Amino acid sequence: MQQFVNTLLGGITLGMVYAAFALALVLIWRSTRVVNFAQAPMAMVTTFIALELIEHGQSYWLAFVVALVSGAVLGAVVERVVVRPVEGGPELNAVILTLGLFIVLHAAAEVVFGNRYRSFPAAFGIRGMKVGDTTIALTGFGIFTILAVLAVMALLVLLFRFTDLGLKMRAAAFNQEVARLLGVRVGRLLTLGWALAAVVGSLSGLLIAGGSLVSPSYMDTVVVYGFVAAVLGGLDSPVGAVVGGLSLGIALSFVSGYVGSQLVALAALAILMAVLFLRPDGLFAPARERRV
Amino acid sequence: MLTLSGVSASYGAVRALHDVGFTAPEGKVTAVLGANGAGKTTLLRTISGLVRADSGSVRFGDRELTRTSTERLPGLGLAHVPEGRGVITELTVEENLRLGGLGRDNRVRPERLDRVFSLFPMLEERRGATAHVLSGGERQMLVIGRALMASPALLLLDEPSLGLAPRVVAQIFDLLGGLVADDGLTVVLVEQNARSALSIAHRAVVLSLGRVVVDEPADVLARDDQLRHAYLGF
(Lines give C-alpha, C1' and ligand atoms only; values in the text may rest on other atoms or scores of the structure.)
Protein backbone atom coordinates (compact mmCIF):
# COMPACT_ATOMS: atom_id res chain seq x y z
CA MET A 1 0.00 0.00 0.00
CA GLN A 2 2.80 2.38 0.92
CA GLN A 3 4.47 1.76 -2.43
CA PHE A 4 1.18 2.45 -4.21
CA VAL A 5 0.69 5.76 -2.39
CA ASN A 6 4.29 6.82 -2.95
CA THR A 7 4.12 5.87 -6.62
CA LEU A 8 0.94 7.89 -6.96
CA LEU A 9 2.39 10.93 -5.17
CA GLY A 10 5.58 10.73 -7.21
CA GLY A 11 3.45 10.55 -10.36
CA ILE A 12 1.43 13.61 -9.37
CA THR A 13 4.55 15.71 -8.78
CA LEU A 14 6.16 14.47 -12.00
CA GLY A 15 2.91 15.03 -13.89
CA MET A 16 2.75 18.61 -12.67
CA VAL A 17 6.23 19.20 -14.06
CA TYR A 18 5.09 17.91 -17.45
CA ALA A 19 1.93 20.00 -17.10
CA ALA A 20 3.99 23.14 -16.46
CA PHE A 21 5.86 22.67 -19.71
CA ALA A 22 2.67 21.68 -21.55
CA LEU A 23 1.00 24.90 -20.32
CA ALA A 24 3.72 26.96 -21.98
CA LEU A 25 3.16 25.09 -25.24
CA VAL A 26 -0.60 25.53 -24.99
CA LEU A 27 -0.23 29.22 -24.27
CA ILE A 28 1.85 29.89 -27.33
CA TRP A 29 -0.35 27.69 -29.49
CA ARG A 30 -3.48 29.49 -28.25
CA SER A 31 -2.06 32.93 -28.78
CA THR A 32 -0.07 32.45 -32.00
CA ARG A 33 -0.95 28.98 -33.50
CA VAL A 34 2.72 28.02 -33.51
CA VAL A 35 4.21 24.93 -31.86
CA ASN A 36 7.38 26.24 -30.26
CA PHE A 37 10.08 23.60 -30.23
CA ALA A 38 12.49 26.16 -28.76
CA GLN A 39 10.42 26.42 -25.58
CA ALA A 40 12.73 24.04 -23.71
CA PRO A 41 16.06 25.73 -24.50
CA MET A 42 14.48 29.15 -23.85
CA ALA A 43 13.46 27.90 -20.39
CA MET A 44 16.90 26.37 -19.91
CA VAL A 45 18.61 29.71 -20.67
CA THR A 46 16.48 31.58 -18.13
CA THR A 47 17.07 28.85 -15.53
CA PHE A 48 20.83 29.30 -16.02
CA ILE A 49 20.44 33.05 -15.61
CA ALA A 50 18.78 32.33 -12.26
CA LEU A 51 21.53 29.87 -11.34
CA GLU A 52 24.24 32.40 -12.11
CA LEU A 53 22.55 34.92 -9.83
CA ILE A 54 22.15 32.37 -7.03
CA GLU A 55 25.78 31.27 -7.35
CA HIS A 56 26.79 34.94 -7.12
CA GLY A 57 25.06 35.25 -3.77
CA GLN A 58 21.63 36.57 -4.74
CA SER A 59 18.51 35.16 -3.12
CA TYR A 60 16.54 32.34 -4.71
CA TRP A 61 13.43 34.47 -5.05
CA LEU A 62 15.23 37.37 -6.70
CA ALA A 63 16.76 34.89 -9.16
CA PHE A 64 13.31 33.35 -9.64
CA VAL A 65 11.76 36.71 -10.57
CA VAL A 66 14.70 37.67 -12.80
CA ALA A 67 14.35 34.35 -14.65
CA LEU A 68 10.66 34.99 -15.31
CA VAL A 69 11.33 38.55 -16.49
CA SER A 70 14.19 37.29 -18.67
CA GLY A 71 11.76 34.76 -20.12
CA ALA A 72 9.32 37.52 -21.05
CA VAL A 73 12.09 39.54 -22.72
CA LEU A 74 13.49 36.50 -24.52
CA GLY A 75 10.03 35.48 -25.75
CA ALA A 76 9.30 38.97 -27.05
CA VAL A 77 12.71 39.22 -28.76
CA VAL A 78 12.30 35.79 -30.39
CA GLU A 79 8.88 36.80 -31.74
CA ARG A 80 10.08 40.16 -33.06
CA VAL A 81 13.42 39.06 -34.47
CA VAL A 82 13.00 35.42 -35.45
CA VAL A 83 9.31 34.68 -35.97
CA ARG A 84 7.89 38.03 -37.16
CA PRO A 85 9.73 37.97 -40.52
CA VAL A 86 8.00 34.70 -41.48
CA GLU A 87 4.56 35.58 -40.14
CA GLY A 88 1.96 35.53 -42.86
CA GLY A 89 3.80 32.73 -44.66
CA PRO A 90 3.14 28.99 -44.25
CA GLU A 91 2.81 28.07 -40.57
CA LEU A 92 5.47 25.40 -40.98
CA ASN A 93 8.12 28.11 -41.55
CA ALA A 94 7.80 29.38 -37.98
CA VAL A 95 7.85 25.83 -36.59
CA ILE A 96 11.04 25.01 -38.51
CA LEU A 97 12.59 28.26 -37.25
CA THR A 98 11.85 27.23 -33.66
CA LEU A 99 13.66 23.94 -34.33
CA GLY A 100 16.65 25.94 -35.56
CA LEU A 101 16.45 28.14 -32.49
CA PHE A 102 16.46 24.99 -30.34
CA ILE A 103 19.89 24.07 -31.74
CA VAL A 104 21.27 27.62 -31.60
CA LEU A 105 20.25 28.21 -27.97
CA HIS A 106 21.61 24.81 -26.95
CA ALA A 107 24.97 25.51 -28.52
CA ALA A 108 25.10 29.07 -27.15
CA ALA A 109 24.27 27.87 -23.62
CA GLU A 110 27.09 25.32 -23.73
CA VAL A 111 29.51 28.08 -24.70
CA VAL A 112 28.26 30.59 -22.11
CA PHE A 113 27.33 28.35 -19.17
CA GLY A 114 29.46 25.26 -19.88
CA ASN A 115 28.13 21.75 -20.24
CA ARG A 116 28.92 20.30 -16.83
CA TYR A 117 26.17 19.41 -14.38
CA ARG A 118 25.48 22.03 -11.72
CA SER A 119 23.29 21.82 -8.66
CA PHE A 120 20.17 24.01 -8.69
CA PRO A 121 18.68 24.76 -5.26
CA ALA A 122 15.03 24.34 -4.35
CA ALA A 123 12.95 26.97 -2.61
CA PHE A 124 11.42 24.42 -0.26
CA GLY A 125 12.43 21.08 1.22
CA ILE A 126 13.22 18.20 -1.07
CA ARG A 127 12.95 15.46 1.54
CA GLY A 128 9.82 13.34 1.70
CA MET A 129 7.30 14.54 4.28
CA LYS A 130 6.55 12.50 7.40
CA VAL A 131 3.02 11.26 8.02
CA GLY A 132 3.18 9.57 11.43
CA ASP A 133 6.15 7.23 11.24
CA THR A 134 6.02 6.95 7.49
CA THR A 135 7.87 9.09 4.98
CA ILE A 136 5.83 9.77 1.86
CA ALA A 137 7.06 10.73 -1.60
CA LEU A 138 5.79 14.27 -1.37
CA THR A 139 8.23 17.09 -0.74
CA GLY A 140 7.75 20.72 0.18
CA PHE A 141 9.07 21.69 -3.25
CA GLY A 142 6.69 19.15 -4.81
CA ILE A 143 3.74 20.88 -3.12
CA PHE A 144 5.06 24.23 -4.36
CA THR A 145 5.26 22.80 -7.89
CA ILE A 146 1.68 21.50 -7.73
CA LEU A 147 0.32 24.78 -6.41
CA ALA A 148 2.31 26.87 -8.90
CA VAL A 149 1.08 24.85 -11.86
CA LEU A 150 -2.52 24.95 -10.66
CA ALA A 151 -2.24 28.72 -10.16
CA VAL A 152 -0.84 29.21 -13.68
CA MET A 153 -3.60 27.04 -15.14
CA ALA A 154 -6.26 29.05 -13.29
CA LEU A 155 -4.73 32.35 -14.43
CA LEU A 156 -4.64 31.19 -18.05
CA VAL A 157 -8.26 30.03 -17.90
CA LEU A 158 -9.22 33.41 -16.43
CA LEU A 159 -7.15 35.27 -19.03
CA PHE A 160 -8.57 33.48 -22.05
CA ARG A 161 -12.14 33.03 -20.89
CA PHE A 162 -12.97 36.19 -19.02
CA THR A 163 -10.75 39.06 -20.11
CA ASP A 164 -10.77 41.31 -23.18
CA LEU A 165 -7.03 40.80 -23.51
CA GLY A 166 -7.41 37.01 -23.69
CA LEU A 167 -10.21 37.35 -26.24
CA LYS A 168 -8.08 39.65 -28.37
CA MET A 169 -5.13 37.25 -28.16
CA ARG A 170 -7.28 34.36 -29.33
CA ALA A 171 -8.82 36.43 -32.13
CA ALA A 172 -5.35 37.50 -33.29
CA ALA A 173 -4.20 33.89 -33.29
CA PHE A 174 -7.21 32.52 -35.16
CA ASN A 175 -7.77 35.18 -37.81
CA GLN A 176 -5.39 38.11 -38.02
CA GLU A 177 -7.26 40.00 -40.72
CA VAL A 178 -10.63 39.84 -38.98
CA ALA A 179 -8.96 40.75 -35.69
CA ARG A 180 -7.43 43.86 -37.29
CA LEU A 181 -10.80 44.88 -38.73
CA LEU A 182 -12.20 44.63 -35.21
CA GLY A 183 -9.56 46.96 -33.85
CA VAL A 184 -7.14 44.40 -32.43
CA ARG A 185 -3.46 45.35 -32.65
CA VAL A 186 -2.34 41.95 -33.85
CA GLY A 187 1.44 42.50 -33.86
CA ARG A 188 1.53 43.58 -30.22
CA LEU A 189 -0.59 40.66 -29.12
CA LEU A 190 1.57 38.12 -30.91
CA THR A 191 4.60 39.56 -29.11
CA LEU A 192 2.71 39.43 -25.83
CA GLY A 193 1.68 35.82 -26.51
CA TRP A 194 5.31 34.78 -27.01
CA ALA A 195 6.39 36.73 -23.95
CA LEU A 196 3.74 35.17 -21.69
CA ALA A 197 4.43 31.68 -23.02
CA ALA A 198 8.12 32.18 -22.34
CA VAL A 199 7.33 33.26 -18.77
CA VAL A 200 5.34 30.08 -18.20
CA GLY A 201 8.13 28.11 -19.90
CA SER A 202 10.68 29.74 -17.59
CA LEU A 203 8.56 28.79 -14.59
CA SER A 204 8.49 25.20 -15.79
CA GLY A 205 12.29 25.29 -16.19
CA LEU A 206 12.70 26.52 -12.61
CA LEU A 207 10.27 23.92 -11.25
CA ILE A 208 12.00 21.10 -13.10
CA ALA A 209 15.45 22.28 -12.03
CA GLY A 210 14.60 22.75 -8.34
CA GLY A 211 16.63 20.40 -6.15
CA SER A 212 18.33 18.64 -9.06
CA LEU A 213 21.32 18.86 -11.37
CA VAL A 214 21.10 21.01 -14.47
CA SER A 215 23.08 21.16 -17.69
CA PRO A 216 22.14 22.74 -21.06
CA SER A 217 20.36 19.48 -21.96
CA TYR A 218 18.47 19.02 -18.68
CA MET A 219 15.11 19.92 -20.29
CA ASP A 220 15.45 17.54 -23.23
CA THR A 221 13.52 14.60 -21.78
CA VAL A 222 10.89 16.90 -20.35
CA VAL A 223 10.34 18.31 -23.84
CA VAL A 224 9.17 14.94 -25.09
CA TYR A 225 6.84 14.26 -22.17
CA GLY A 226 5.63 17.87 -22.09
CA PHE A 227 4.71 17.66 -25.77
CA VAL A 228 2.92 14.36 -25.17
CA ALA A 229 1.01 15.95 -22.25
CA ALA A 230 0.01 18.99 -24.35
CA VAL A 231 -1.12 16.84 -27.27
CA LEU A 232 -3.05 14.52 -24.92
CA GLY A 233 -4.92 17.54 -23.60
CA GLY A 234 -5.70 18.80 -27.09
CA LEU A 235 -2.97 21.51 -27.39
CA ASP A 236 -5.60 24.22 -27.05
CA SER A 237 -6.74 23.81 -23.47
CA PRO A 238 -4.91 24.89 -20.29
CA VAL A 239 -7.01 22.45 -18.28
CA GLY A 240 -6.27 19.79 -20.89
CA ALA A 241 -2.53 20.42 -20.51
CA VAL A 242 -2.71 19.88 -16.75
CA VAL A 243 -4.94 16.81 -17.03
CA GLY A 244 -2.67 15.48 -19.80
CA GLY A 245 0.46 16.12 -17.75
CA LEU A 246 -1.01 14.66 -14.60
CA SER A 247 -2.34 11.52 -16.34
CA LEU A 248 0.96 10.99 -18.09
CA GLY A 249 3.00 11.54 -14.92
CA ILE A 250 0.91 9.12 -12.87
CA ALA A 251 0.82 6.48 -15.62
CA LEU A 252 4.57 6.65 -16.18
CA SER A 253 5.25 6.59 -12.45
CA PHE A 254 3.27 3.34 -12.16
CA VAL A 255 5.01 1.87 -15.18
CA SER A 256 8.36 2.79 -13.67
CA GLY A 257 7.43 1.54 -10.19
CA TYR A 258 5.66 -1.68 -11.07
CA VAL A 259 6.81 -2.73 -14.54
CA GLY A 260 10.30 -1.36 -15.11
CA SER A 261 11.85 2.07 -15.58
CA GLN A 262 13.30 1.06 -18.95
CA LEU A 263 9.76 0.90 -20.35
CA VAL A 264 8.76 4.46 -19.44
CA ALA A 265 9.47 6.00 -22.86
CA LEU A 266 7.67 3.15 -24.60
CA ALA A 267 4.68 3.54 -22.28
CA ALA A 268 4.49 7.28 -23.06
CA LEU A 269 4.41 6.49 -26.76
CA ALA A 270 1.73 3.81 -26.24
CA ILE A 271 -0.45 6.23 -24.22
CA LEU A 272 -0.08 8.93 -26.87
CA MET A 273 -1.02 6.52 -29.67
CA ALA A 274 -3.99 5.15 -27.74
CA VAL A 275 -5.40 8.63 -27.03
CA LEU A 276 -4.83 9.88 -30.56
CA PHE A 277 -6.47 6.71 -31.90
CA LEU A 278 -9.56 7.22 -29.73
CA ARG A 279 -9.66 11.05 -29.85
CA PRO A 280 -7.39 12.34 -32.63
CA ASP A 281 -7.64 15.97 -31.47
CA GLY A 282 -6.81 15.18 -27.85
CA LEU A 283 -8.94 14.81 -24.75
CA PHE A 284 -10.10 18.43 -24.44
CA ALA A 285 -10.33 19.48 -28.08
CA PRO A 286 -13.51 21.17 -29.30
CA ALA A 287 -15.73 19.42 -31.84
CA ARG A 288 -14.65 19.61 -35.46
CA GLU A 289 -15.91 22.34 -37.76
CA ARG A 290 -19.21 21.89 -39.49
CA ARG A 291 -19.16 22.17 -43.29
CA VAL A 292 -21.56 24.76 -44.63
CA MET B 1 -20.41 60.40 -45.62
CA LEU B 2 -17.73 58.42 -47.44
CA THR B 3 -16.01 60.03 -50.40
CA LEU B 4 -13.50 58.38 -52.68
CA SER B 5 -11.63 60.30 -55.33
CA GLY B 6 -8.98 59.10 -57.76
CA VAL B 7 -8.34 55.86 -55.87
CA SER B 8 -6.01 53.38 -57.53
CA ALA B 9 -4.77 50.15 -55.96
CA SER B 10 -2.67 47.19 -57.12
CA TYR B 11 -1.70 43.66 -56.24
CA GLY B 12 1.96 43.68 -57.16
CA ALA B 13 2.20 44.68 -60.80
CA VAL B 14 -1.51 44.12 -61.44
CA ARG B 15 -3.63 47.23 -61.04
CA ALA B 16 -7.02 46.31 -59.56
CA LEU B 17 -8.58 49.79 -59.18
CA HIS B 18 -8.17 52.68 -61.62
CA ASP B 19 -8.97 56.19 -60.52
CA VAL B 20 -12.13 55.19 -58.62
CA GLY B 21 -14.33 57.96 -57.26
CA PHE B 22 -17.83 58.14 -55.81
CA THR B 23 -19.69 59.32 -52.74
CA ALA B 24 -21.69 57.08 -50.39
CA PRO B 25 -24.29 59.40 -48.88
CA GLU B 26 -24.99 59.36 -45.16
CA GLY B 27 -27.88 57.20 -43.95
CA LYS B 28 -28.25 55.48 -47.33
CA VAL B 29 -27.29 52.20 -48.96
CA THR B 30 -24.77 52.44 -51.78
CA ALA B 31 -24.59 49.22 -53.78
CA VAL B 32 -21.28 48.42 -55.47
CA LEU B 33 -22.06 46.02 -58.29
CA GLY B 34 -20.16 44.33 -61.06
CA ALA B 35 -18.96 41.01 -62.39
CA ASN B 36 -16.44 38.72 -60.75
CA GLY B 37 -13.02 40.35 -60.79
CA ALA B 38 -14.40 43.85 -61.28
CA GLY B 39 -12.56 45.06 -58.15
CA LYS B 40 -15.48 45.25 -55.72
CA THR B 41 -13.79 43.41 -52.85
CA THR B 42 -10.52 45.24 -53.48
CA LEU B 43 -12.44 48.49 -53.24
CA LEU B 44 -13.73 47.66 -49.75
CA ARG B 45 -10.31 46.38 -48.68
CA THR B 46 -8.75 49.62 -49.89
CA ILE B 47 -11.28 51.70 -47.95
CA SER B 48 -10.44 49.80 -44.76
CA GLY B 49 -6.69 49.86 -45.37
CA LEU B 50 -6.21 46.12 -45.84
CA VAL B 51 -4.97 47.03 -49.33
CA ARG B 52 -2.91 50.20 -49.49
CA ALA B 53 -4.06 52.71 -52.11
CA ASP B 54 -1.38 53.64 -54.65
CA SER B 55 -2.97 57.06 -55.03
CA GLY B 56 -6.15 58.98 -54.38
CA SER B 57 -8.16 59.87 -51.33
CA VAL B 58 -10.69 58.05 -49.14
CA ARG B 59 -12.41 60.48 -46.79
CA PHE B 60 -14.80 59.43 -44.05
CA GLY B 61 -16.27 62.56 -42.49
CA ASP B 62 -13.23 64.78 -42.05
CA ARG B 63 -10.80 61.86 -41.71
CA GLU B 64 -8.43 60.73 -44.46
CA LEU B 65 -8.51 56.92 -44.31
CA THR B 66 -5.55 56.24 -46.60
CA ARG B 67 -3.33 57.46 -43.76
CA THR B 68 -5.23 55.61 -41.01
CA SER B 69 -4.35 52.11 -39.82
CA THR B 70 -7.00 49.40 -40.14
CA GLU B 71 -7.07 48.82 -36.39
CA ARG B 72 -8.26 52.40 -35.80
CA LEU B 73 -11.31 52.16 -38.03
CA PRO B 74 -13.79 50.68 -35.49
CA GLY B 75 -13.00 53.61 -33.21
CA LEU B 76 -13.89 56.01 -36.04
CA GLY B 77 -17.27 54.34 -36.55
CA LEU B 78 -16.40 52.19 -39.53
CA ALA B 79 -17.14 48.45 -39.59
CA HIS B 80 -16.07 46.10 -42.39
CA VAL B 81 -17.68 42.68 -42.75
CA PRO B 82 -15.34 40.86 -45.11
CA GLU B 83 -16.16 38.42 -47.87
CA GLY B 84 -16.43 34.83 -46.64
CA ARG B 85 -18.14 36.17 -43.52
CA GLY B 86 -15.14 36.37 -41.16
CA VAL B 87 -16.67 34.46 -38.29
CA ILE B 88 -13.98 33.25 -35.91
CA THR B 89 -15.29 29.72 -35.79
CA GLU B 90 -13.18 28.67 -32.79
CA LEU B 91 -14.88 31.25 -30.55
CA THR B 92 -18.41 31.11 -29.21
CA VAL B 93 -21.21 33.23 -30.62
CA GLU B 94 -21.02 35.52 -27.60
CA GLU B 95 -17.23 35.81 -27.79
CA ASN B 96 -17.50 36.82 -31.46
CA LEU B 97 -20.01 39.48 -30.47
CA ARG B 98 -17.87 40.66 -27.54
CA LEU B 99 -14.99 41.13 -29.99
CA GLY B 100 -17.12 43.53 -31.98
CA GLY B 101 -17.77 45.67 -28.91
CA LEU B 102 -14.22 45.80 -27.56
CA GLY B 103 -13.72 49.39 -28.57
CA ARG B 104 -16.87 50.46 -26.74
CA ASP B 105 -17.16 51.57 -23.16
CA ASN B 106 -17.75 48.64 -20.77
CA ARG B 107 -21.00 50.20 -19.57
CA VAL B 108 -22.65 50.29 -23.00
CA ARG B 109 -21.64 46.82 -24.12
CA PRO B 110 -24.54 44.95 -22.45
CA GLU B 111 -26.92 47.44 -24.08
CA ARG B 112 -25.41 46.78 -27.50
CA LEU B 113 -25.53 43.04 -26.92
CA ASP B 114 -29.24 43.27 -26.06
CA ARG B 115 -29.83 45.29 -29.21
CA VAL B 116 -28.06 42.69 -31.37
CA PHE B 117 -29.99 39.88 -29.68
CA SER B 118 -33.24 41.74 -30.33
CA LEU B 119 -32.34 41.95 -34.04
CA PHE B 120 -31.14 38.33 -34.18
CA PRO B 121 -32.94 36.29 -31.50
CA MET B 122 -31.27 33.16 -32.87
CA LEU B 123 -27.88 34.48 -31.69
CA GLU B 124 -29.15 34.78 -28.13
CA GLU B 125 -30.42 31.21 -28.21
CA ARG B 126 -27.00 30.01 -29.34
CA ARG B 127 -24.82 32.49 -27.48
CA GLY B 128 -22.78 29.78 -25.75
CA ALA B 129 -22.32 27.62 -28.86
CA THR B 130 -19.01 27.57 -30.71
CA ALA B 131 -19.51 29.44 -33.98
CA HIS B 132 -18.40 26.50 -36.11
CA VAL B 133 -21.77 24.82 -35.54
CA LEU B 134 -23.69 27.72 -37.15
CA SER B 135 -25.18 27.50 -40.63
CA GLY B 136 -24.15 29.94 -43.38
CA GLY B 137 -27.12 32.23 -42.73
CA GLU B 138 -26.52 32.21 -39.00
CA ARG B 139 -22.87 33.08 -39.56
CA GLN B 140 -23.85 36.02 -41.73
CA MET B 141 -26.18 37.25 -39.00
CA LEU B 142 -23.39 36.80 -36.48
CA VAL B 143 -20.89 38.93 -38.40
CA ILE B 144 -23.45 41.66 -39.02
CA GLY B 145 -24.37 41.53 -35.33
CA ARG B 146 -20.68 41.69 -34.43
CA ALA B 147 -20.22 44.75 -36.63
CA LEU B 148 -23.24 46.41 -34.99
CA MET B 149 -21.74 45.87 -31.53
CA ALA B 150 -19.44 48.81 -32.26
CA SER B 151 -22.41 51.08 -33.14
CA PRO B 152 -20.85 51.95 -36.50
CA ALA B 153 -21.86 54.93 -38.58
CA LEU B 154 -20.63 53.21 -41.75
CA LEU B 155 -20.93 49.51 -42.56
CA LEU B 156 -18.90 47.99 -45.41
CA LEU B 157 -20.56 44.71 -46.30
CA ASP B 158 -18.94 42.31 -48.74
CA GLU B 159 -21.17 39.77 -50.51
CA PRO B 160 -23.56 39.04 -47.65
CA SER B 161 -25.77 36.88 -49.88
CA LEU B 162 -22.96 34.59 -51.04
CA GLY B 163 -24.03 30.95 -50.80
CA LEU B 164 -27.22 31.67 -48.87
CA ALA B 165 -30.78 30.54 -49.58
CA PRO B 166 -33.03 33.25 -51.11
CA ARG B 167 -35.22 33.31 -48.00
CA VAL B 168 -32.19 34.04 -45.78
CA VAL B 169 -30.92 36.69 -48.22
CA ALA B 170 -34.32 38.42 -48.12
CA GLN B 171 -34.26 38.32 -44.31
CA ILE B 172 -30.78 39.88 -44.17
CA PHE B 173 -31.60 42.58 -46.71
CA ASP B 174 -34.83 43.44 -44.87
CA LEU B 175 -32.84 43.85 -41.71
CA LEU B 176 -30.26 46.09 -43.43
CA GLY B 177 -33.03 48.25 -44.83
CA GLY B 178 -34.45 48.58 -41.32
CA LEU B 179 -31.10 49.56 -39.83
CA VAL B 180 -30.64 52.28 -42.43
CA ALA B 181 -34.16 53.61 -42.00
CA ASP B 182 -34.29 53.43 -38.19
CA ASP B 183 -30.68 54.03 -37.10
CA GLY B 184 -29.41 56.19 -39.96
CA LEU B 185 -26.65 53.67 -40.74
CA THR B 186 -24.64 54.30 -43.91
CA VAL B 187 -24.00 51.09 -45.86
CA VAL B 188 -21.65 50.31 -48.73
CA LEU B 189 -22.91 46.98 -50.00
CA VAL B 190 -20.78 44.94 -52.38
CA GLU B 191 -22.94 42.36 -54.13
CA GLN B 192 -22.98 40.03 -57.11
CA ASN B 193 -26.69 39.56 -56.52
CA ALA B 194 -27.53 42.88 -58.19
CA ARG B 195 -31.28 42.39 -58.16
CA SER B 196 -31.41 41.98 -54.36
CA ALA B 197 -28.91 44.79 -53.79
CA LEU B 198 -30.85 47.25 -55.95
CA SER B 199 -34.02 46.43 -54.01
CA ILE B 200 -32.63 48.18 -50.91
CA ALA B 201 -29.99 50.51 -52.38
CA HIS B 202 -30.40 54.25 -52.82
CA ARG B 203 -27.34 54.68 -54.96
CA ALA B 204 -25.57 52.22 -57.27
CA VAL B 205 -21.98 52.17 -58.42
CA VAL B 206 -21.01 49.64 -61.09
CA LEU B 207 -17.38 48.62 -61.44
CA SER B 208 -15.91 47.03 -64.54
CA LEU B 209 -12.27 45.97 -64.66
CA GLY B 210 -11.49 48.25 -61.73
CA ARG B 211 -13.17 51.36 -63.14
CA VAL B 212 -16.43 53.07 -62.19
CA VAL B 213 -18.67 52.77 -65.24
CA VAL B 214 -22.00 53.71 -63.62
CA ASP B 215 -22.71 55.97 -60.66
CA GLU B 216 -26.44 56.64 -60.49
CA PRO B 217 -29.39 56.56 -58.12
CA ALA B 218 -30.31 52.87 -57.69
CA ASP B 219 -33.82 53.30 -59.09
CA VAL B 220 -32.42 54.88 -62.26
CA LEU B 221 -30.13 51.91 -62.83
CA ALA B 222 -32.93 49.47 -61.99
CA ARG B 223 -35.14 51.07 -64.68
CA ASP B 224 -32.44 51.43 -67.34
CA ASP B 225 -32.65 48.20 -69.35
CA GLN B 226 -29.62 49.07 -71.46
CA LEU B 227 -27.28 49.65 -68.49
CA ARG B 228 -28.59 46.62 -66.61
CA HIS B 229 -28.10 44.36 -69.62
CA ALA B 230 -24.67 45.79 -70.36
CA TYR B 231 -23.18 45.56 -66.86
CA LEU B 232 -25.38 43.45 -64.63
CA GLY B 233 -26.60 40.78 -67.05
CA PHE B 234 -30.34 40.92 -66.36
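The values are calculated or read from the model by the stated rules, or taken from the named source; none is laboratory data. As the structure is a prediction and not an experimental result, all values here were calculated from the model. Cβ placement follows ideal geometry from the backbone for every residue including glycine, while neighbour counts extend to all protein chains displayed.
Couple of notes before you dig in:
- Per the listing A:Val5, A:Val26, A:Val35, the residue uniquely assigned to a loop (DSSP other than H, G, I, E, B), touching a residue at least 60 places away in the same chain (Cβ under 8 Å) and of a type outside the set (Ser, Thr, Tyr) is A:Val35.
- Residue that is outside any helix (DSSP H, G or I) and more than 14 Å from every other protein chain (Cβ to nearest Cβ), where the choices are A:Ala154, A:Ala107, A:Ala94, A:Ala123: A:Ala123
- Residue tally, condition buried (at least 22 other Cβ atoms within 10 Å of the Cβ) and either in contact (Cβ under 8 Å) with a residue 60 or more places away in the chain or away from chain A (no Cβ under 14 Å) (or both), over region B:61-80: 4
- Selected residue (criterion: nearest to B:Ala218 (Cα to Cα)) from residues of region B:194-205 that are surrounded by fewer than 19 Cβ atoms within 10 Å (Cβ to Cβ) and modelled with pLDDT under 90: B:Ser199
- If the condition is being touching a residue at least 12 places away in the same chain (Cβ under 8 Å) and either over 25 Å from B:Ser5 (Cβ atoms) or surrounded by fewer than 16 Cβ atoms within 10 Å (Cβ to Cβ) (or both), then region B:175-193 contributes B:Leu175, B:Leu176, B:Gly177, B:Leu179, B:Gly184, B:Gln192, B:Asn193.
- Annotation: of all residues in region B:81-97 being charged (D, E, K, R) and surrounded by 19 or more Cβ atoms within 10 Å (Cβ to Cβ), the one that is farthest from the other protein chains (Cβ to nearest Cβ) is B:Arg85.
- Of the residues making up region A:169-207, those that are part of a helix (DSSP H, G or I) and either modelled with pLDDT under 90 or within 14 Å of chain B (Cβ to nearest Cβ) (or both) number 17.
- Considered as a group, the residues in region A:143-168 that are of a type outside the set (A, V, I, L, M, F, W, C) and modelled with pLDDT of 90 or more include one that is surrounded by the most Cβ atoms within 10 Å (Cβ to Cβ), and that residue is A:Thr145.
- Some residue of region A:255-262 being away from chain B (no Cβ under 14 Å), surrounded by fewer than 24 Cβ atoms within 10 Å (Cβ to Cβ), of a type in the set (S, T, N, Q) and not in a helix (DSSP H, G or I): no
- The residue list A:Phe141, A:Phe48, A:Phe102 contains one member that is under 18 Å from the mean Cα position of the chain (by Cα), within 30 Å of A:Leu165 (Cβ to Cβ) and in a helix (DSSP H, G or I), which is A:Phe102.
Let's see how each residue does on (1) over 16 Å from the mean Cα position of the chain (by Cα); (2) within 14 Å of another protein chain (Cβ to nearest Cβ):
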{"residue": "B:Ser118", "(1), (2)": "yes, no"}
{"residue": "B:Gln140", "(1), (2)": "no, yes"}
{"residue": "B:Glu159", "(1), (2)": "no, no"}
{"residue": "B:Arg167", "(1), (2)": "yes, no"}
{"residue": "B:Phe173", "(1), (2)": "no, no"}
